[in-house]
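Remarks on the structure that follows.
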Amino acid sequence: MTEKILMKGNEAIAEAGIRVGCRYFFGYPITPQNELPAYMSRRLPEVQGTFLQAESEVAAINMVYGAAGAGGRVMTSSSSPGISLKQEGISYLAGSELPCVIVNITRGGPGLGGIQPAQSDYFQATRGGGHGDYYTPVLAPQSVQEAVDLTMDAFDIADKYRNPVLVLGDGMIGQMMEPVEFKKEITPDQLPEKKWATNGAAGRKPNIINSLRLQPEKLEELNLKLQEKYMAMKKAEVRYETDNIEDAEYILVAFGTTARIVKSAADMAREVGMKVGIIRPITLFPFPEDVIAKASEKARFILTVEMSLGQMVEDVRLSAKGRCPVYFQGRTGGVVPKPGEILDNLKRLAGGGK
Amino acid sequence: MKLVAKRPKALAEKPMHYCPGCTHGITHRLIAEVIDEMDIQEKTIGIAPVGCAVFAYDYFNIDMQQAAHGRAPAVATGIKRVLPENFVFTYQGDGDLASIGTAEIVHAAMRGEKFTVVFINNAIYGMTGGQMAPTTMVGQKTATSPYGREAAHAGYPMRVVEMLATLPGAAYLARVGLFNNREIKKAKKALRRSFEIQEKGLGFSLVEFLSTCPTNWGMAPLDALKWVEEEMVPYYPLGVIRDIEEEGGPKK
Ligand SMILES: Cc1ncc(C[n+]2csc(CCOP(=O)(O)OP(=O)(O)O)c2C)c(N)n1
Ligand code: SF4
């Protein structure tokens, strides 16, 4: 039996990692995710794990690379500017096919930006982020409980595909306190062996962790192999939630914290007789194209709401393929949209945009 | 008949791509000999850099990881923290270690990470075509210092072992040359010692190899060896700069 405990999002994500056998964490301080490494620094020694504060995010992600290559279940976390610094490492991890979990508790940008919640790293997260033709699965929780569940799953997805996996929360998810339960308890000795790991070539041929292919044909071969994985992810890993879309004339699309706000707006709209449904992508890559495509066949319009000036809306438009209008509404820089603003906009658009 | 030389087991049977007269090959061989002598082939993980030695992952019969430019000490940290009983070494050039990777090397030494660094100081960027490195000698002409390195413009060359010697976490630091057989023997001794320091868990160890790049120096191999001895050694003195055990154990 598991019990519910009240926890801050950042700490709950850390505990979730430990509960599925993550024993290595490398990080660097940045707001609004500081509680996560601090929690790890306290908890990991209790379970014979290693927490290390690196000299930079660049070093942290390369420590993750080494630890993942050595076969460890490993995690790092940061926030937007720090995630930008990690991009070279993430590209190497993808190219060398190394599993790990990277948490981005996003804040507003560009540059130093601010420290309030934002969703303006959507492009970076869903388009690989670093150089080269690669993707990472991106899991976007809307509650602390979901952050826990998705973090646990992230490790398995990483191992299944030998690919880094991103958990994309925003400052709100990281800072919020909610009751959570941990539904799994896995220790490292229960994890499947990683035969490809560089842990000493005893009684076998040496293993090599590497992303270099100087011959164009060989590099193309590696890329085609990676693409096969991304195709497989698109088939097997898409996650989303829908709410009242069956009879909906208007569809709202939002992820993470914004999805909760949109839910309040949708409830208010239903009260005044507007048939509003919600599609909430949980995986941002792979993106839930099909459900949006289907909804776009009947909907009068789709309204995408984000804490950015319009990033996910591009994927929504690609999915809707012009079958219905796709509008965008967003606040940015750490400003959180209000349900009333969304309702007003819905009414305005339903009335022909006046 | 007495066998006087054979390929170390830890050295793969692959032709190396290094230019004629380049000392990268000698250093590879020394590493493989030390691995053989200590019988740690099945326990050692090496890290190849970005630089001429990037293919090092193909040249050793051991597990290898390839690291991003300059990040080998961070990668080694990750490996060693997961596998504290194994031997871990990085192999890094001077562009890799002393320029783009200075933060990583300094902090690995500061933390006293228990791995060994093989540092190749050839006073130039080899792979990218002979640009100026932090270790390039004053007056030395390179692709990006065509009039010779000027101290007023580009500063003085970086002495890595002396710099790291300010950090108590560095347990073993030595600089060696490869310009004659006597020095090669000393180099091997230092390398062996650095692996023993690692085995004993005493802290960070690094051996700087004064090396040649005949191709980008525009010199014949023998002239390049002479240049190391005559031009580099006076600025980069040889010897063991730190041996924590001989100095009576870790400092407070
Ligand atoms: C991030 C990044 N910057 C630059 C390069 C290009 N690059 C490849 S090798 C190299 C320098 C290698 O010089 P050094 O470390 O001295 O090794 P050597 O080739 O002399 O053995 C550079 C700058 C790169 N691969 N990655
Ligand atoms: S370019 Fe210089 S360092 Fe590189 S292999 Fe040739 S001689 Fe050696």
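The values are calculated or read from the model by the stated rules, or taken from the named source; none is laboratory data. Remember, it's a predicted structure, so these values are computed and weren't measured experimentally. Please note: Cβ atoms are built from the backbone with ideal geometry, for glycine as well, and neighbour counts cover all protein chains shown.
Brief remarks on what is shown
- Conditions (1) within 12 Å of ligand 1 (Cβ to nearest atom); (2) in contact with a Lys or Arg (Cβ under 8 Å, 6 or more places away or on another chain): number failed by B:Ala143: (2)
- The stretch B:85-104, residues that are assigned to a loop (DSSP other than H, G, I, E, B), in contact with a strand residue (DSSP E or B) (Cβ under 9 Å, 6 or more places away or on another chain) and more than 7 Å from chain A (Cβ to nearest Cβ): B:Gly101
- Taking the stretch B:98-122 as the range and being within 16 Å of ligand 2 (Cβ to nearest atom) and over 24 Å from B:Ala32 (Cα atoms) as the test, the residues that pass are B:Ala98, B:Ser99.
- Number of residues in the stretch B:89-104 that are more than 10 Å from B:Pro134 (Cα to Cα), more than 6 Å from ligand 1 (Cβ to nearest atom), crowded, with 24+ Cβ neighbours inside 10 Å and not charged (D, E, K, R): the value is 5.
- Residues of the stretch B:107-126 classified as of a type in the set (A, V, I, L, M, F, W, C), buried (at least 18 other Cβ atoms within 10 Å of the Cβ) and not in a strand (DSSP E or B), total: 5
- Single residue of the stretch A:39-70 satisfying the filter (surrounded by fewer than 24 Cβ atoms within 10 Å (Cβ to Cβ) and part of a loop (DSSP other than H, G, I, E, B)) that is farthest from the other protein chains (Cβ to nearest Cβ): A:Gln48
- Residue match in the stretch B:134-145 (condition: at pLDDT 95 or above, more than 16 Å from ligand 2 (Cβ to nearest atom) and within 14 Å of chain A (Cβ to nearest Cβ)): no
- The numbered conditions (1) away from every other protein chain (no Cβ under 11 Å); (2) under 18 Å from the mean Cα position of the chain (by Cα) are all true for A:Val74 except (1).
- B:Asn122 being within 16 Å of ligand 1 (Cβ to nearest atom) and more than 14 Å from chain A (Cβ to nearest Cβ): yes
This table checks each residue for (1) among the β-branched types (Val, Ile, Thr); (2) outside any loop (DSSP other than H, G, I, E, B); (3) surrounded by fewer than 17 Cβ atoms within 10 Å (Cβ to Cβ).
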{"residue": "A:Glu220", "(1), (2), (3)": "no, yes, yes"}
{"residue": "A:Glu246", "(1), (2), (3)": "no, no, yes"}
{"residue": "A:Ile261", "(1), (2), (3)": "yes, yes, no"}
{"residue": "A:Glu297", "(1), (2), (3)": "no, yes, yes"}
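- On the stretch given as the stretch B:52-67, residues that are more than 7 Å from chain A (Cβ to nearest Cβ), assigned to a helix (DSSP H, G or I) and free of Cβ contacts under 8 Å to residues at least 60 places away in the same chain total 4.
- Taken residue by residue, the stretch B:2-20 has at least one member that is within 11 Å of chain A (Cβ to nearest Cβ) and over 17 Å from A:Ile209 (Cβ atoms).
- Looking across the stretch B:26-51 at every residue that is under 18 Å from B:Lys186 (Cβ atoms), of a type outside the set (A, V, I, L, M, F, W, C) and within 16 Å of ligand 2 (Cβ to nearest atom), the one that is nearest to the other protein chains (Cβ to nearest Cβ) is identified as B:His28.
- Candidates B:Gly70, B:Gly46, B:Gly78, filtered to the one that is crowded, with 24+ Cβ neighbours inside 10 Å and either assigned to a helix (DSSP H, G or I) or aliphatic (A, V, I, L, M) (or both): B:Gly78
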